[in-house]
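Visitor: Please find one structure pasted underneath; my questions will follow.
The values are calculated or read from the model by the stated rules, or taken from the named source; none is laboratory data. Model, not experiment: these values are computed from the prediction. No Cβ is skipped: glycine too gets one built from the backbone with ideal geometry, and neighbour counts run over all protein chains shown.
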Amino acid sequence: MKLLPLLHITFATFLCISLHASAQTGNCESWAAKLESLEGSGSVKRDGEPDWLNVNPGATFCYGDTLRITEFRAALRLENDSLVRLNQGSMIRFLPPEESFLIEILTGAAHFLSRTPAAFMVIAPYMNAAVEGTEFIVSHSEQEDTVTVFEGHVLASNEQGSTQLEALQQSSAQAGNAPSQAININLLDTAAWTLYAPPLHINTNTLPENIKTAVSTGDLATALKLLGSDAFIRDADALNATTIIAIFRGQLNQARSANQAALALTAKAEEAEANKAFIALLEGKAEEALQLSRALVTQAPGNLNTQLVHSYTLQANFKLEEALIAAQQAQAIRSNALTNTRVAELALSLNKNRLASSALKEVVPHPLYSPYADSLRALIALQNNRNRKARDILQASIKQNPNVPLTHFALGLTQIRLNNLEQGRELIELAVTLNPNNSLYRSYLGKAFSAQNKSDKAQKQFQIAKILDDNDPTPWFYLALEQQGNNQLIESLQSFNKSRDLNDGRAVYRSRMLLDSDTAARSSSQGRVLKSLGFEQQAIQLGAEAVQQAPGEHSGHRLLAEAYANDYHREMLRSSERLQATIHQPLGAVPLPLGLSESGMVIIEGAGPADLGTNEYNAMFIDEGFGLQAKALGGTQGTKAYDVAINGNREQLAFSLGQYRYQSDGYRENNDVDYKISNAFVQWQPTRNLGFQAEIGQRDDNIGDLTTEFGANTHSQTTRQMLESETQRISTKYETDTGTALILNVTDKDESELLNDKLSLPDLTIELNNDQQINSNQYELQLAHKFNNTTLRGGLKNTEAKSTGARSSYYVEFDFLDLVNTASKEKLEQAYLYSDITALNNHLLFTLGVEHNNATRSIQQGTEGPVISYENNKNLYPKIGAQWSITPRVKLRTAFFETISMTPKISWNLSPTHIAGFAQVYDHFDTGTTSINRTLGLDIGTEGKASFGLDILNQDINLPDNNGLEIVERGVGYRVLNTHFDYLFTEKLSTHITLSVEEVDRNQNAAEPLLLFPLTLENDSVKIGLSYQLTSYSFIKIDAKYINQQYSTEPIPDLNAASEVFSERFSIFDAIVEANLPNMLGKVSLIAKNLFNKDFTYADVELMYSAPSKQELTPERALLFKYEISI
């Protein structure tokens, strides 16, 4: 080769590279804008240069440059961090900033998302727009300029005048005229050019090769140009292809015109009808679109696009199972990248990950469909906690095609999961820019703003999302969380109720694959609001309903554990729900405090583990990294408590460490307590279907006499009890995509109890000691499966507790020690099967179950003493319940079930705790106690204002009592009527009224009187509470409780004690004031118990016979100050 031609080639190559580099970067130190996405083609004319140079995504522009979009659309990120979407035919100039950032619209339309607090001005030929942190569209045509505001404020002005625009308003101006007055707009009808729709199949079989090549390579601009030829004006295939490409490119008017022309032809009518249904769907006519597609699949079941469109219309009407079937039928017609991706999306929506993965393996690279497949692969990786793998997939996909909103959205979620909140929010914002009419993206953008403590911006996005899709519960749910975090409890409850009313309704292209954890969180978050307002019974019913509908989700169990946190009659129930919530929780969620699994802790209400324990109810995202939650409380009676927890997670591993401590002097002598609970928890989730957990807890008690008996002078001034325990638990859970879950849980517990007391009699002092060593273990296996209308749960459990120890009496004056060794053994073997069956379109729910129990108990006093044994001779315990939703607001419930108490040393288990909304786990009395229960309940709600509930329980109890020689069975009748009325007066004021009637009636046995236990007991109580929103971040709650109690004892001849009747009436007032700290860092609370220092005596049947527990009522005023912080 000669030298001169070689130099020419080298120079030409260098010149091309230089021109390309100049087109892409510009000659400036800091760029004014960057091209994030380009669908079609665009070019730039650099400042001072005469030529237009083609640009690609990633190009940057300098001040003074002019950008034009020749085909389709583009997205820019401005130097002030605003985002701009440009329509086809648009031309803008980046002006050097003076007093404000300046953009000039020369022609076309631009959609702006501006978050900058600095001044921002958009200049158009006939009108300018001064921006104040907002979202808006500016368009220019030969006739007029138009400014449309989505949210925020814009001042539209020119030399002739100005108009102030608010959200959802529009103004226009023609040459020489002032801007028109603001008019209200329908957001759904605004800026159709911004529409983004998923692709359908483009049938090119009968079209020329050049069109086939353009479509297969993703060059839709060329394809659309070729299809616009007069040769195809009456070609059905060409018109249908034009319709689909125009939809895909957001050119809905062109799509309508082509579709109408195709409908006028008789050939390929099913394709044109399918496109008609799809257009109706895009216009928000979901029901009409479904009717059209149903008729089509009947007429032409073998048409590919007919089945695809039918899958979209079914999904829009939230018929996901049917939508998957339609997609699979399309896949059977033709297995290609589009149909396999569609099957994968719907399979993932239904938690059928294996089906989704299998379909994605069949997807071959395609310029149109690959980004969707990549997004689904990344979402599967996220569900398997492979966060970095998901990030790598999405980044590579965006590099190949930066124009698909879903990939930016999924990458945003991934970055947030990786603890890059700001970067993740920017990516979600870019997805909104590319598809501003997507309600789901708006909801998540609001969620990201909320996580950044930008409440105003968050609520604006939620408002737009609600307008874009009024059937989507997502924005209502995230708005409720935002309001809850701000202590706007009543408004939060109303938003939760709206989200729940919408249930799982979705508009087009909404998929549950990104919302499962959010749906799960709804009940636990709403329950916390209900509980804070004093609506405890509503919270319990919500939790029971959530567990019955989805027993494998953690949220319903979490809500029930919290709802029963201060109910000392249900400590074993609460402990079981805490266990199940922990086993089912997603990786990275902060586990509920181990203290919720403990029983027999006398703690003033408001200072318990649930009140001080860590939580993440308002956490908008679960992300990697470390978290710290710390809470402290102090008050009168020497009360002080703290709870500190550290948690963290990375990829498939999560952990938490925590410690809770409570100390109080109590309200009388020797009524002091000192509890300390420490725990460590680790969770490993190697796949989405398989998880392992390990947990260890330690508890130390040092307490005096905590009993609450009717007589005020019956307590001991010398009793001391010290307890040390260590609990280890391991579990594994395997869940299939077909709805089957297998759980194995093993618990071991070691306890050491030491009880000291001194009995002082005239001329005689006796020192009493009781030292016990207890080992308990429990093995549980549960299998559950969910069918279409039935959920089955079956399990096996073996619980055993062995105790050895010594009881001594030392007679000081005689220097004599009476020592007796003791031993006991308790065992419970259980097998159970429960089925929940829905009928009448889910209006009727039956629960049918049975338990097989074998309970044994043996006690030996002294090494030579007789062994006193007891074995329950009843083996089968039926469980029957029914719930009938008479109307959406009226529910009738009833149940009949028999129970046996479990070994209390390990108080948790995996079996169901509720039947038809009624608790079936009680802390009544001792191991081996059986009961027959008959219940009736009624729940009535109105449209977001009032709620009424009535629960009636009739319980026949068979109590095994050890009299020292043998175990004697005693019969006890227990009847309870509870009714509540909750009402929301305004968005700031609510009230709750609770009426309770409790009766205990024991069968009297003159030969075997029962010490310290009532013969009869009647408790009537009325509780009235008010909650008021003081400011946007604080509220006050006041409760007044009236109690009327009557109590009788039986005569004890051996002690010369006659029967007695007591009565007491008193009222007690409690109050709490709570305020949030700035930036959602925590909150402070002032709690007053027994505000007016009312002295009273009170008999509690539970505290007389079983271990002491929550201190709901105190006969002395207690003031507490609580401080919480979360980082």
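Visitor: For the range 411-463, name all the residues that are touching a residue at least 60 places away in the same chain (Cβ under 8 Å) and among the hydrophobic types (A, V, I, L, M, F, W, C).
Guide: Across the range 411-463, the qualifying residues are Leu413, Ile416, Leu418, Leu421, Leu430, Val432, Leu434, Leu440, Ala448, Ala451.
Visitor: Counting just the residues of the range 96-141 that are in contact with a Gly (Cβ under 8 Å, 6 or more places away or on another chain) and within 19 Å of Thr70 (Cα to Cα), which one comes out surrounded by the fewest Cβ atoms within 10 Å (Cβ to Cβ)?
Guide: Thr107
Visitor: Check Val154, Val131 and return the single one that is closer than 25 Å to Leu430 by Cβ and at pLDDT 90 or above.
Guide: It is Val154.
Visitor: Those residues that are without any contact (Cβ under 8 Å) to a residue 12 or more places away in the chain and surrounded by 15 or more Cβ atoms within 10 Å (Cβ to Cβ), I need them from the range 759-806; list them, please.
Guide: Answer for the range 759-806, where residues must be without any contact (Cβ under 8 Å) to a residue 12 or more places away in the chain and surrounded by 15 or more Cβ atoms within 10 Å (Cβ to Cβ): there is none.
Visitor: Among the residues of the range 181-199, count how many are without any contact (Cβ under 8 Å) to a residue 24 or more places away in the chain and outside any loop (DSSP other than H, G, I, E, B).
Guide: 3
Visitor: Please work out which residue is farthest from Ser30 (Cα to Cα), limiting yourself to the range 51-80 and to residues that are in contact (Cβ under 8 Å) with a residue 40 or more places away in the chain and touching a Lys or Arg at 6+ places or on another chain (Cβ under 7 Å).
Guide: Among residues in the range 51-80 that are in contact (Cβ under 8 Å) with a residue 40 or more places away in the chain and touching a Lys or Arg at 6+ places or on another chain (Cβ under 7 Å), the one farthest from Ser30 (Cα to Cα) is Phe72.
Visitor: Of all residues in the range 989-1007, count the ones that are closer than 18 Å to Ile1024 by Cβ and outside any strand (DSSP E or B).
Guide: Final tally of qualifying residues: 0.
Visitor: Output the qualifying pairs, or none if there are none: Cβ atoms under 8 angstrom, residues six or more apart or on different chains, first residue in the range 857-879 and at negative phi and assigned by TED's automatic domain parsing to the domain that holds Lys827, second residue in a loop (DSSP other than H, G, I, E, B) and not small (Gly, Ala, Ser).
Guide: Matching pairs, first to second residue: Arg857/Thr927; Gln860/Pro866; Ile868/Leu965; Ile868/Glu966; Lys879/Gln920.
Visitor: Keeping to the range 235-254, report how many residues are within 40 Å of the chain's Cα centre (by Cα), crowded, with 21+ Cβ neighbours inside 10 Å and not charged (D, E, K, R).
Guide: 7
Visitor: State which residue is modelled with the lowest pLDDT when the search covers only the range 656-680 and only residues that are assigned to a loop (DSSP other than H, G, I, E, B) and among the charged types (D, E, K, R).
Guide: Arg668
Visitor: Just to be sure before I move on: is Ile183 touching a helix residue (DSSP H, G or I) at 6+ places or on another chain (Cβ under 7 Å) and modelled with pLDDT of 90 or more in the structure I sent?
Guide: no
Visitor: Among the candidates Ser257, Ser293, Ser229, which residue alone is buried (at least 21 other Cβ atoms within 10 Å of the Cβ) and free of Cβ contacts under 8 Å to residues at least 24 places away in the same chain?
Guide: Ser293
Visitor: Moving to a separate point now. Please work out if Glu209 is of a type in the set (D, E, K, R), without any contact (Cβ under 8 Å) to a residue 12 or more places away in the chain and surrounded by fewer than 17 Cβ atoms within 10 Å (Cβ to Cβ).
Guide: Spelling it out, Glu209 is indeed of a type in the set (D, E, K, R), without any contact (Cβ under 8 Å) to a residue 12 or more places away in the chain and surrounded by fewer than 17 Cβ atoms within 10 Å (Cβ to Cβ).
Visitor: Something else now. What number goes with the only condition from (1) out of contact with any helix residue (DSSP H, G or I) (no Cβ under 8 Å at 6 or more places or on another chain); (2) under 30 Å from Pro1115 (Cβ atoms) that Ala654 does not pass?
Guide: Result: Ala654 fails condition (2) only.
Visitor: Are any residues in the range 1022-1051 among the hydroxyl-bearing types (Ser, Thr, Tyr) and within 33 Å of the chain's Cα centre (by Cα), and if so, which ones?
Guide: Selection gives Ser1027, Tyr1028, Thr1031, Ser1032, Tyr1033, Ser1034.
Yes or no, residue by residue, for (1) aromatic (Phe, Trp, Tyr); (2) in a strand (DSSP E or B); (3) touching a Ser or Thr at 6+ places or on another chain (Cβ under 6 Å):
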{"position": "Asp567", "(1), (2), (3)": "no, no, no"}
{"position": "Leu573", "(1), (2), (3)": "no, no, yes"}
{"position": "Gly588", "(1), (2), (3)": "no, no, no"}
{"position": "Pro591", "(1), (2), (3)": "no, no, yes"}
{"position": "Gly595", "(1), (2), (3)": "no, no, no"}
{"position": "Asp623", "(1), (2), (3)": "no, no, no"}
{"position": "Gln637", "(1), (2), (3)": "no, no, yes"}
{"position": "Ala654", "(1), (2), (3)": "no, yes, no"}
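Visitor: Let me ask something else about it. Only one of (1) at pLDDT 90 or above; (2) farther than 30 Å from Glu1060 by Cβ fails for Thr687. Which number is that?
Guide: (1)
Visitor: Related question: Tell me, please, whether a residue that is over 30 Å from Lys758 (Cβ atoms), in contact with a helix residue (DSSP H, G or I) (Cβ under 6 Å, 6 or more places away or on another chain) and in contact (Cβ under 8 Å) with a residue 12 or more places away in the chain can be found in the range 832-847.
Guide: yes
Visitor: Please list, ordered by residue number, the strands (runs of 3 or more DSSP E) wholly in the range 858-911 having 1 or more residues that are modelled with pLDDT of 90 or more.
Guide: Those strands (runs of 3 or more DSSP E) span 876-887, 890-900.
Visitor: Now a separate question. Within the group Ala173, Ala129, Ala178, which residue is aliphatic (A, V, I, L, M) and part of a loop (DSSP other than H, G, I, E, B)?
Guide: Residue meeting the stated conditions: Ala178.
Visitor: Tell me which residues, restricted to the range 101-134, are in contact with a His (Cβ under 8 Å, 6 or more places away or on another chain) and of a type in the set (D, E, K, R).
Guide: Glu132, the sole residue that qualifies.
Visitor: Have a look at Gln580, Gln537 and point out the one that is over 19 Å from the mean Cα position of the chain (by Cα) and in a helix (DSSP H, G or I).
Guide: Answer to the selection: Gln537.
Visitor: Yes or no: Ala1071 modelled with pLDDT of 90 or more and among the small types (Gly, Ala, Ser)?
Guide: yes
Visitor: OK, next. Mind counting the residues in the range 1008-1048 that are in a loop (DSSP other than H, G, I, E, B), at pLDDT 80 or above and crowded, with 16+ Cβ neighbours inside 10 Å?
Guide: Looking only at that region, the number is 2.
Visitor: What's the total number of residues in the range 1049-1068 that are buried (at least 16 other Cβ atoms within 10 Å of the Cβ) and either outside the structural domain of Thr991 (by TED's automatic domain parsing) or modelled with pLDDT of 85 or more (or both)?
Guide: 2
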